Amino acid sequence: MSELNFRRQGKTVIGLTGAISGGKSTALQVFEESGAEVICSDKLSRKYFDICKQEIYERFKSLGRTEIAETVFKDDTKRKWLENLLHPLIFKEALEIISASNKKIIVFDVPLLFETGLENSFDLTICIYTDDKIRLKRALEKGFKKEDFLKRDLKQMPLEQKAQKADMVIYNNSDRKTLEEKIKRFFYILNIR
């Protein structure tokens, strides 16, 4: 995947990452409200899941997203198969959106940015960093079971490692308003360069 290049002349293309229940979706929403073009991997993943449902059903004998999620977080072979099916489609559409956009700043939410070796594919990488206890609390409030949260979290690169690899870290250990202020300040600075 590392041969992918999302950079485009005259645009700043940002790869946004973080950990489960860390606030990536909120950050993406704030970037959009600030005027950036945004691309949500989860949204594209759902779209291509539906398009590829026949192949997915043949492999998993189910189309239940919760059931498939449980399976892929237990079975690396099935997880890799699903990633190999969906990721090329997601990245292809992301490239099309980036190329067609007339916005100066584009933010692409890629949860597995470093795991898929895409760190050099962007002008800038940002990690949303949220302490583990806060993430667990947020996940439980969303209806996750603690065991499911921990299983999914363990399948991703540790957050500390993502933060070290990222060009920039935005801490999200407070409320939404604080995160909004940080992103809006950063967006303003980026926009005036």
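The values are calculated or read from the model by the stated rules, or taken from the named source; none is laboratory data. Source: prediction; values computed, not measured. Cβ: placed from backbone, ideal geometry, glycine included. Neighbour counts: every protein chain shown.
Against the condition farther than 21 Å from ASN191 by Cα, crowded, with 17+ Cβ neighbours inside 10 Å and among the hydrophobic types (A, V, I, L, M, F, W, C), how does LEU113 come out, does it pass? Here the answer is yes, as LEU113 does meet what is asked.
Looking at the structure I just gave you, is LEU89 surrounded by 14 or more Cβ atoms within 10 Å (Cβ to Cβ), at pLDDT 95 or above and either small (Gly, Ala, Ser) or assigned to a helix (DSSP H, G or I) (or both)?
Criteria met by LEU89.
Restricted to region 26-41, and to residues there that are crowded, with 16+ Cβ neighbours inside 10 Å and not in a helix (DSSP H, G or I), the residue that is nearest to the chain's Cα centre (by Cα) is CYS40. Looking at GLY23, GLY15, just one residue is crowded, with 21+ Cβ neighbours inside 10 Å, on the phi > 0 side of the Ramachandran plot and in contact with a Leu (Cβ under 9 Å, 6 or more places away or on another chain), and that residue is GLY23. Selection of first residues in region 42-66 that are loosely packed, with under 12 Cβ neighbours inside 10 Å and of second residues that are outside any loop (DSSP other than H, G, I, E, B) and modelled with pLDDT of 95 or more, restricted to Cβ pairs under 7 Å at least 6 apart or on distinct chains, gives an empty result. For region 154-187, the set of residues classified as touching a helix residue (DSSP H, G or I) at 6+ places or on another chain (Cβ under 8 Å) and assigned to a helix (DSSP H, G or I) consists of LEU159, LYS165, ARG176, LEU179, GLU180, ILE183, LYS184, PHE187, listed by residue number.
Tell me yes or no: at least one residue of region 102-115 is within 30 Å of LYS11 (Cα to Cα) and aromatic (Phe, Trp, Tyr). Scanning region 102-115, I find at least one residue that is within 30 Å of LYS11 (Cα to Cα) and aromatic (Phe, Trp, Tyr), so the answer is yes.
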